[in-house]
1. What's the FRET efficiency of Ala192 with Met1 using the Cβ-Cβ distance as r and R₀ = 30 Å, to the nearest 0.05?
2. If the reach is capped at under 20 angstrom between alpha carbons, list the lysines near Lys159, excluding any in the same chain fewer than eight residues apart.
3. Restricting to DSSP loop positions (anything but H, G, I, E, B) with no more than 13 other Cβ atoms inside 10 Å of their own Cβ, which trypsin sites (Lys or Arg not before Pro) remain in segment 57-114?
4. Testing the spin-label approximation: label points 7 Å from Cα along Cα→Cβ at Met121 and Lys104. State their distance in nm.
5. Most mobile of Thr119, Thr78, Thr17 per a Gaussian network model of the chain (Cα springs, under 10 Å)?
6. At a Cα cut-off below 30 Å, give the lysines reachable from Lys26, other chains included and same-chain residues fewer than 8 away excluded.
7. Within a Cβ distance under 11 Å of Leu212, other residues only, what is the Lys/Arg minus Asp/Glu net charge?
8. Any aspartates and glutamates with Cα under 20 Å of the Lys217 Cα? List them, leaving off those in the same chain fewer than 8 positions away.
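Please treat every number below as a calculation from the coordinates, not as lab data. Model, not experiment: these values are computed from the prediction. Here Cβ is always computed from backbone atoms with ideal geometry, including for glycine, and neighbour counts include all displayed protein chains.
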Amino acid sequence: MQTRACIFDLDGVIVDTAKYHFLAWKRLADQMGINFTAEDNERLKGVSRMDSLNIILEIGGLSPDDGTRLKYATLKNTWYVEYISKMTPSEILPGAVRFIGELKKAGIRTAIGSASKNTPMILERTGIAELFDAVSDGNIVSRAKPDPEVFLKAAELLKEDPGRCVVFEDAAAGVQAALRAGMKCVGIGSPAILSGAHLVVPGLDKMNLTLLEGIEKL
Ligand code: BG6
Ligand code: MG
């Protein structure tokens, strides 16, 4: 196999944290008198914390100053951390551990490539930190997806050529970031949203080494 490394987005690919992001943003929106729905929450997938807040403020037609925005983002994160601090291994998405095990047996290295600054806590609470050879996250990169920085940093940490890395992503902005990094991309979710990806599967439970090899020729 030509692929040397697989880089995984965390939220929505390895663990289901979207529900906690939604609960925390909804709590904030309610407090601000903004009607924020589950459908609106879809727009926040893969989007950085501050950009997510700005989308919610835009929905509510509010335009507070930067200091107030920072206070809101910090408050949301306090609540979000309360929720994720109670996460357990049962919240790892189906197929993730099995597929990563297969990659390791095949000598393929693994990394996380996530916008989240809460990556270390989520990996620790779900007990999967040791599955990854490197972690590139919101604590070490400054440019949000679709900028390729988070994936290029992961390749750099692994000391692998970006052209031989494959990214797994559930957000459209993440697929764009992978392609801009010069990497192959497997979309996790709906083909309608992830059309730019080289392959789309509904979840890692449907992923295997044969499919991975198949996209090398594309
Ligand atoms: C992404 C999520 O992985 O991380 C976004 O899909 C989230 O919803 C972003 O806003 C930043 O996460 P955090 O934990 O640093 O607020
Ligand atoms: Mg995601």
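1. Values: r = 29 Å, r/R0 = 0.98.
Once rounded, the FRET efficiency stands at 0.55.
2. Lys104, Lys105, Lys184
3. Working: sites: Arg69, Lys71, Lys76, Lys86, Arg98, Lys104, Lys105, Arg109; in loops: Lys86.
Filter output for segment 57-114: Lys86.
4. About 2.6 nm, to one decimal.
5. Looking only at Thr119, Thr78, Thr17, the largest GNM fluctuation is found for Thr78.
6. Partners within reach: Lys45, Lys71, Lys76, Lys86, Lys117, Lys145.
7. Details: positive: Lys184; negative: Glu102, Glu213, Glu216.
Neighbour charge sum, excluding Leu212 itself: -2.
8. Glu160, Asp161, Glu169
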